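The values are calculated or read from the model by the stated rules, or taken from the named source; none is laboratory data. Keep in mind it's a predicted model, so treat the numbers as computed, not measured. Counting neighbours? That spans all protein chains shown, and the Cβs are built from the backbone with ideal geometry, glycine included. Heads up: the accessible areas ignore ligands, DNA and RNA and are worked out on the full protein's heavy atoms, side chains in. Shrake-Rupley method; radii C 1.70, N 1.55, O 1.52, S 1.80 Å.
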Number of protein chains: 2
Amino acid sequence: MIEPEYVLGLDIGGTKLAAGVCKRDGTLVSSARVPTLSHLGPDAVIDRIVELCHRVMTESKIPDIPFVGVGCVGPLDVKRGVVQNPPNLPGWIDIPLRERLEKALQKPIFVDNDANAAALGEHRFGAGRGIANLVYLTLSTGVGGGLIVNHELWEGANGNAGEIGHSTVAFDGRLCRCGSHGCLEAYVSGTHIASRARERIASGAPSQLPEMAGGLENISAATVLSGVQAKDAVAMEIWNETLLILAAGLANVVNIFNPEQIILGGGVIHARDLLFTPLRQLVAARALPPLMQVVQIVPAELGDNAGVLGAAAVGWCRWKREKRKAQEPV
Amino acid sequence: MIEPEYVLGLDIGGTKLAAGVCKRDGTLVSSARVPTLSHLGPDAVIDRIVELCHRVMTESKIPDIPFVGVGCVGPLDVKRGVVQNPPNLPGWIDIPLRERLEKALQKPIFVDNDANAAALGEHRFGAGRGIANLVYLTLSTGVGGGLIVNHELWEGANGNAGEIGHSTVAFDGRLCRCGSHGCLEAYVSGTHIASRARERIASGAPSQLPEMAGGLENISAATVLSGVQAKDAVAMEIWNETLLILAAGLANVVNIFNPEQIILGGGVIHARDLLFTPLRQLVAARALPPLMQVVQIVPAELGDNAGVLGAAAVGWCRWKREKRKAQEPV
């Protein structure tokens, strides 16, 4: 089964849309990004998407791009390619994205959520090249995840596996936007790192962070990291707790899944040495030694192109799966 | 690839040894069990094991049993078949079980830990028949687990996957025997259900449990369950907390792994309706709805024969894997 040489990768986020024509080796022949303008609603955004896709395909000068891989903010019904009311795409209530794009672009469309796309992208082109079993975790506005099992995306029973952000690390802990309590995301997402710091300061802890950010309400995860470097007490307390809780979440996937690699992506990894050096030690203190021996914890490598390359990887991966299914004896 | 019709299954536990000649459909042609007498040390116990194996093979009247599947209390080095100092087998420090049994029985020996064996047994012969993706969890002295992915045991990078008992549900919680804090096992194992009740009473909570058990130190998980039925306040508090925390642990595997089924085994499932009815509701309150929709939570079905049938299932599973490897092009 020979993979097509080029596919179109399309990354649909709440703030930006990105598309690129991607060669099998991960080279981007052409690429572009535009703001999503999500306030315009699904119809207008889908028009913008279609225009963007035509533009990068024309620019690439590749005549016949056989299909499109899409990474989209979730929740999604992956099997049907339907977008189910993501917090970051207001008004997208049960929008049949695959169907609409297939009609507009006249090509097969393969859709997965952005975290699974990033996992596939890192496995194919980034930090996870050649690794059979890995866990990808993005620490961003939310916390998303994807599992690679035997070199393939693990989709689970109905395409929703990998929601590591919604694993419980404190059964009676903070309320999460999913409705549960003590989810990993409710502590270590960029959003929650910032809100934990704001809550701490609002309850009276002295801190330079409001001054650094230009007001309490402007404190972000990046402010907290600057505060750690400036030895602000609240920043250090919040960051140390973040590391401890993230370590508990990673130790969970190590102990349950016994992977060879954990790849961390998303904005929070800009913390670099403040993150990876202590994190490795804290995970080792919690995970079982024989499982810890074989697992690396590394940063994602694809950077700005992660979305488009991940989307393209979704395309090849799902195309291959469909081909294989078609070849199976009935 | 046609599986051999009969294999010998051998279950090595801290208190009993069980063996049986098992037919491909799960019928036990012959079986027997003897106490382990673990205080006699590894050499004497291995002699007892070999004698037991010869006995059930002779009784079965099956002339050529091609190999032996073994489920053994861990930790183990599964790849090498070495027993690595299990708490329940004192003195078994790096005992090359596979090598010793191969020499004594003159057959290939396939060894896995008891939780993986039970997962394979339930998948092949019990509650998980025909289910592609499931999680098995045993609630017993400890909490063990096994994952079945695409109808096969998921071993992970080095054979240690499935340690769900050592997933964190409270990052700053109770000390676990593994050295970490807040592991699922440190709350919901039979041992810890009992010790949480004893601690509660020792700290002054009024309760009938000491009287029911014949002394504080005799309180077991079974006492707590009797106490729930007798509406003892401490028993009900401990049991409700157990259900809540177990639900958090199960919601974790649901959200990470998106299985079709969770099978619960071990002594604690004798609680039946006190366990399964509230547990399903509590997991549903924590797990993401699309993943919850597709997962059943059910009791294990194999009962007393779980150990031997699971061990036999290890045999077939690993035999098949080795055959397949041998057939792969180099």
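Residue by residue through A:283-290, how many Cβ atoms from other chains fall within 10 Å of the Cβ on average? Please list the in-between numbers first.
Numbers: counts 0, 0, 3, 11, 6, 8, 4, 11.
Average neighbour count from other chains, rounded to a whole number: 5.
For segment B:237-289, the set of trypsin sites (Lys or Arg not before Pro) satisfying both a DSSP loop assignment and a count of at most 10 other C-beta atoms within 10 Å is given as B:Arg272.
Highest GNM mean-square fluctuation among B:Thr36, B:Thr223, B:Thr277, for chain B modelled with Cα contacts below 10 Å: B:Thr277.
What the phi angles of segment B:26-39 give under the Karplus curve with 6.51, -1.76 and 1.60, with θ = phi - 60°, is a coupling list of x, 6, 8, 6, 8, 7, 7, 9, 9, x, 5, 6, 4, 5 Hz, glycine and proline written as x. Backbone amide hydrogens, once placed in the peptide plane, bring B:Ile95 within less than 5 Å of B:Val83, B:Asn85, excluding anything fewer than 5 places away on its chain. DSSP beta bridges confined to the protein assembly as shown are antiparallel in about 60 percent of cases. In order along segment B:62-67, the phi-based Karplus estimate (6.51 cos²θ - 1.76 cosθ + 1.60, θ = phi - 60°) of 3J(HN,Hα) comes to 7, x, 10, 7, x, 7 Hz; Gly and Pro are listed as x. Counts of other chain beta carbons within 10 angstrom of each beta carbon in peptide B:152-159 average 6. The alpha carbon gyration tensor of segment B:289-330 gives principal lengths a ≥ b ≥ c with a/c of 1.5 or higher and a/b no greater than b/c, which makes the shape oblate.
Computed extension length for B:Glu322-B:Asp47: 96.2 nm, one decimal, from 0.36 nm per residue of separation with the Cα-Cα distance subtracted.
The amide H of B:Gly144, built 1.01 Å from its N in the peptide plane, has B:Thr138 as neighbours under 5 Å, considering only residues 5 or more places off or on other chains. Once you reduce segment A:279-330 and segment A:186-226 to the center of their Cα atoms, the two points are 32 Å from each other. Computed over protein heavy atoms with a 1.4 Å probe, the carbon and sulfur contribution to the accessible area of segment B:202-330 reaches 53%.
Using unit Cβ charges (K, R positive; D, E negative) and no other charged atoms, how large, in debye to the nearest 20, is the dipole of the protein assembly as shown about its Cα centre? Could the numbers behind the result be given before it?
Details: 60 positive and 66 negative charges, 158 e Å.
Dipole size: approximately 760 debye.
Pick from A:His166, A:His192, A:His181 the residue whose mean-square fluctuation is largest in a GNM of chain A, springs joining Cα atoms under 10 Å. Among A:His166, A:His192, A:His181, the largest mean-square fluctuation in the Gaussian network model of chain A belongs to A:His181. Here chain B carries DSSP beta bridges of which approximately 60% are antiparallel, counting only pairs with both residues inside. The residues packed around A:Arg321, meaning those with a beta-carbon under 10 Å from its beta-carbon, carry a net charge of +2 if Lys and Arg are +1 and Asp and Glu are -1.
Would you be so kind as to identify all helices of chain A, as entire DSSP H runs, whose Cα atoms reach 24 Å or more along the helix's own axis and whose mean Kyte-Doolittle hydropathy is at least -1.0? Both cut-offs are met by A:42-60, A:233-257, A:306-327.
Mind checking the per residue accessible area of chain B for me, 1.4 Å probe, whole number of Å²? Don't jump to the answer; show the numbers that get you there.
Details: 13240 Å² over 330 residues.
Dividing the accessible area of chain B by its residue count gives 40 Å².
Bridge orientation summary for segment A:24-145: considering DSSP beta bridges with both residues in this region, about 60 percent are antiparallel. The distance between label points at A:Val29 and A:Asp64 comes to 1.3 nm (points 7 Å beyond Cα on the Cα→Cβ vector).
For peptide A:175-186, how many partner chain Cβ atoms fall within 10 Å of a residue's Cβ, on average? Walk me through the numbers before you get to the answer.
Numbers: counts 0, 1, 0, 5, 5, 8, 4, 5, 6, 4, 0, 0.
That average works out to 3.
For the pair B:Asn158 and A:His151, a Förster radius of 25 Å applied to the C-beta separation gives a FRET efficiency near 0.90, rounded to the nearest 0.05. One decimal place: the segment A:Asp304-A:His39 gains 93.0 nm when fully extended, by the rule 0.36 nm per residue minus the C-alpha distance. Using C-alpha pairs below 8 Å separated by at least 6 residues, the relative contact order for chain A is 19 percent.
What FRET efficiency comes out for B:Gln281 versus A:Asp94 if R0 is 35 angstrom and r is the Cβ-Cβ distance? Round to the nearest 0.05. Numbers along the way, then the final one.
Values: r = 27 Å, r/R0 = 0.77.
According to the calculation, E is roughly 0.85.
Under the convention that each Lys and Arg Cβ holds +1 and each Asp and Glu Cβ holds -1, the size of the dipole of segment A:55-174 around its Cα centre is about 320 debye.
Excluding B:Asn218 itself, calculate the net charge of residues whose Cβ lies under 13 Å from the Cβ of B:Asn218, where each Lys or Arg counts +1 and each Asp or Glu counts -1. Provide the component values of the computation, followed by the final result.
Numbers: positive: B:Arg198; negative: B:Glu211, B:Glu217.
It works out to a net charge of -1.
Put simply, the amide H of A:Leu17, placed in the peptide plane, has neighbours under 5 Å in A:Val34, A:Thr36, leaving out anything fewer than 5 places away on its chain. Here the relative contact order of segment A:151-287, from alpha carbon pairs under 8 Å that lie six or more residues apart, stands at 19 percent. Applying both filters, DSSP loop and at most 13 other Cβ atoms within 10 Å, to the trypsin sites (Lys or Arg not before Pro) of segment B:1-72 gives B:Lys61.
For segment B:143-235, trypsin sites (Lys or Arg not before Pro) are listed when DSSP marks them as loop and at most 11 other Cβ atoms sit within 10 Å of their Cβ; the list is B:Lys231.
If you take the accessible area of B alone plus A alone and subtract the pair, what total do you get in square angstrom, rounded to 100, with a 1.4 Å probe?
On the way: alone 14980 and 14970 Å², together 26460 Å².
The B and A chains share an interface burying roughly 3500 Å².
Springs join every pair of Cα atoms under 10 Å in this Gaussian network model of chain A, and among A:Ile263, A:Ile49, A:Ile201 the largest mean-square fluctuation is at A:Ile201.
If you take all other residues with their beta carbon under 15 Å from the beta carbon of A:Ser207, and give Lys and Arg +1 and Asp and Glu -1, the sum is -2.
Taking a ≥ b ≥ c as the square roots of the Cα gyration tensor eigenvalues, with a/c under 1.5 meaning rounded and otherwise prolate when a/b beats b/c, else oblate, which class fits segment A:211-290? It is prolate, given that a/c is not under 1.5 and a/b is the larger ratio. The modelled label-to-label distance for the pair B:His54/B:Glu102, using points 7 Å beyond Cα in the direction of Cβ, is 2.1 nm. A:Ser207 sits with roughly 40 Å² accessible to a 1.4 Å probe, with DNA, RNA and ligands left out of the calculation.
What the Cβ-Cβ distance of A:Met236 and B:Leu175 gives, at R0 = 25 Å and to the nearest 0.05, is a FRET efficiency of 0.45. With label points set 7 Å from Cα along Cα→Cβ, the inter-copy distances at B:Val29 are 6.3 nm, sorted shortest first.
Here is how far apart the A:Glu211 label points are across copies: 6.5 nm, shortest first, using a point 7 Å from Cα toward Cβ.
Would you work out if the protein assembly as shown is rounded, prolate or oblate? Take a ≥ b ≥ c from the square roots of the eigenvalues of the alpha-carbon gyration tensor; rounded if a/c is under 1.5, else prolate when a/b is larger than b/c, oblate otherwise. Here the protein assembly as shown falls in the oblate category.
Over segment B:130-176, Cα pairs under 8 Å with separation of 6+ residues give a relative contact order of 30 percent. Here B:Gly14 yields copy-to-copy label distances, from shortest upward, of 4.8 nm, the label point defined as 7 Å from Cα along Cα to C-beta.
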